[in-house]
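> Below is a structure I'd like to ask you about.
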Amino acid sequence: MQISEGFALSTGDRAEHVATLRIDRPDKRNAMSAGMWRALPGILAPLAADPDVRVLVLTGAGGTFCAGADISEIAGLAEDGDGTGATVTAERALADFPKPVIAMIEGFCVGGGCQLALACDLRLAAVGARFAITPAKLGIVYPLPSTRRLVRHVGPSAAKLLLYSADQIDAAHALRIGLVDEVLPPEVLAERVYGLARTMASRSQLTLAASKEIVDGRADEARFRRWQAESADELAEGVAAFLERRPPDFPWSR
């Protein structure tokens, strides 16, 4: 279902609790227009609040993830590198999404496409996927939050190589440096992504939400203690289900 310029949303079988947000501009290899960058936070907000959505898959139409920002509209993005520009605002909204997000990557994942992919929790790619971070080709200073996120994932040397050269790398290289988490044949990519998503949707959503905050560095000790206090009923159900050899019915997911 087309929900906005350049985006389509599918909630599939609601009982599986997995939604798919598809970048849907295949005639431009899913390059993100200025309007698409600005629309993304508003698209994510209702999905974050929807209790039937426990896991989000982000992908692209037509065998390409995202070829980056639409160069013809780049002046309209008003990026200034300090975290207030449209691409960084969209990237932050995706990174702060309170539920697990899996990027399913085929074809090109370039420039702004890498910004989006790195803001997801996990990145699974097809063997033929290609990656590049290209501001050096345009004379752009890559935004500060985006650069820091890149360094956290791949380390300073690999980040410099990507930023300095702006060259494309293949999926095997991306896996070696930590830019992606798994590389699979294209014919089994979707099966793996949605199998993983369904598994995650069946787990304790309290555990997943707390883990995301803690791993991402957004939970201080007081917040950690609050998560622990909330987990008593969740733990009781998890233990009971294990002893009774049945699937758990976690209270936080009801």
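Taken together, the values in this text are just the output of simple stated rules run on the coordinates, not laboratory data. Computed from a prediction, not measured in an experiment: that's the story for all the values here. Here the Cβ positions follow ideal geometry from the backbone for every residue, glycine too, while neighbour counts run over all protein chains shown.
> Considering amide H positions built from the backbone, and no H for Pro or chain starts, which residues 5 or more places from Val180, or on another chain, come under 5 Å of its amide H?
Those lying under 5 Å, H to H, from Val180 are Leu175.
> So how much slack lies between Asp181 and Val127, counting 0.36 nm per residue of separation and subtracting their Cα-Cα distance, in nm?
18.2 nm
> Still on this structure, I have one more. With a 10 Å Cβ neighbour count serving as the proxy for reagent exposure, in which order, fewest first, do Ile177, Ile23, Ile214 appear? Numbers along the way, then the final one.
On the way: Ile177 17, Ile23 26, Ile214 14.
Listing Ile177, Ile23, Ile214 from fewest to most nearby Cβ atoms yields Ile214, Ile177, Ile23.
> Can you spot the aspartates and glutamates whose alpha carbon is less than 16 Å from Lys28's alpha carbon? Ignore those fewer than 8 places along the same chain.
The reachable aspartates and glutamates, counting only those whose Cα sits under 16 Å from Lys28, are Glu5, Asp70, Glu73, Glu106.
> Percent relative contact order of the chain, based on C-alpha pairs within less than 8 angstrom and at least six residues apart?
16
> Would you list which aspartates and glutamates come within 18 Å of Lys160, measuring only between C-alpha atoms, while excluding same-chain residues fewer than 8 positions from it?
Within the straight-line limit of under 18 Å, Lys160 reaches these aspartates and glutamates: Asp170.
> Can you list the aspartates and glutamates whose alpha carbon sits under 14 Å from that of Lys212, skipping same-chain ones fewer than 8 residues off?
By straight Cα distance, Lys212 reaches Asp96, Asp121, Asp220.
> Of all beta bridges DSSP finds with both residues in the chain, what is the antiparallel percent, to the nearest 5?
30
> Between Asp233 and Thr199, 0.36 nm times their residue separation minus their Cα-Cα distance comes to what?
10.1 nm
> In addition: Using the C-alpha gyration tensor of the range 94-225, what are the square roots of 5 times its eigenvalues, in whole angstrom, with the largest one first?
26, 21, 11
> Which cross-chain or sequence-distant (5 or more) residues have an amide H under 5 Å from the amide H of Gly85, H modelled 1.01 Å from N in plane?
For Gly85, whose amide H was placed from the backbone, the distant partners under 5 Å are Asp80.
> Okay, next question. Run through every distinct alpha carbon pair of the range 1-67 and return the Kirkwood hydrodynamic radius in angstroms, one decimal place.
Values: mean 1/r = 0.0821 Å⁻¹.
Computed over Cα pairs of the range 1-67, the Kirkwood hydrodynamic radius comes out at 12.2 Å.
> Using the scaling law 2.2 N^0.38 Å as the reference, what is the normalised Cα Rg of the range 204-253? Can you show the working numbers first?
Values: Rg = 12.0 Å, N = 50, 2.2 N^0.38 = 9.7 Å.
Here the Cα radius of gyration is 1.24 times the empirical estimate.
> Given a Förster distance of 51 Å, report the FRET efficiency between Arg254 and Asp27 from their Cβ-Cβ distance, rounded to the nearest 0.05. All intermediate terms of the calculation are to be shown ahead of the outcome.
On the way: r = 43 Å, r/R0 = 0.85.
Given R0 = 51 Å and the Cβ-Cβ separation, E is 0.75.
> So, one more: Cut-off 19 Å, label point 7 angstrom out along Cα-to-Cβ of Phe224: give me the residues of the range 139-162 whose amide nitrogen falls inside.
Under 19 Å, as judged by backbone N against the label point of Phe224, lies no residue of the range 139-162.
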